[in-house]
Amino acid sequence: MAEWGSLGKVFVIVGLCIALAGLLLLIIDRVPGAGSLLGWFGKLPGDIFIRRDNFSFSFPLATSLLLSILLSLVFFLVSWIFRR
């Protein structure tokens, strides 16, 4: 049963990280000039955006791939640090 306690701690830490990221996004939106830091998000070459009369479709393919690569590197580095 000890492994369930450690899993619970991981969920709490992940939840706190998500809440912190949400707060940072709210704060960045209110700081003058800082809103353009994420202006590229969803507008990279390779992102699909279709707009018709009463319909719009957005699929940020390149942005998703870039975020996946960055998060994979971050998780690899964190796991490498904790293995030492």
Checklist entry - Here are some conditions: (1) exposed (fewer than 10 other Cβ atoms within 10 Å of the Cβ); (2) in a helix (DSSP H, G or I); (3) among the aromatic types (Phe, Trp, Tyr). Phe75 meets all but one. Which one does it not meet? => result (1)
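Quick one: count up the residues across the stretch 10-59 that are part of a loop (DSSP other than H, G, I, E, B), charged (D, E, K, R) and surrounded by 10 or more Cβ atoms within 10 Å (Cβ to Cβ). Step through it out loud before you land on a result.
Keep residues of the stretch 10-59 that are part of a loop (DSSP other than H, G, I, E, B), which gives 31-34, 39-47, 52-55.
Applying the additional criterion that residues be charged (D, E, K, R) yields 43, 47, 52-53.
Checking which are surrounded by 10 or more Cβ atoms within 10 Å (Cβ to Cβ) leaves us with 43, 47.
Of the residues in that region, 2 qualify.
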Item to check | First in the stretch 10-29 and over 19 Å from Phe75 (Cβ atoms) and without any contact (Cβ under 8 Å) to a residue 12 or more places away in the chain, second anywhere and in a helix (DSSP H, G or I) and among the small types (Gly, Ala, Ser), Cβ under 8 Å, 6 or more apart | outcome: Ile28/Gly35; Asp29/Gly35
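Just one of Ser72, Ser79 is modelled with pLDDT of 90 or more and under 30 Å from Val10 (Cβ atoms); which is it? Outline the logic, then answer.
Values: Ser79 fails: modelled with pLDDT of 90 or more.
Answer to the check: Ser72.
The values are calculated or read from the model by the stated rules, or taken from the named source; none is laboratory data. These numbers were taken from a predicted model, which means no experiment stands behind them. Glycine also receives a Cβ, built like all others from the backbone with ideal geometry; neighbour counts cover every protein chain displayed.
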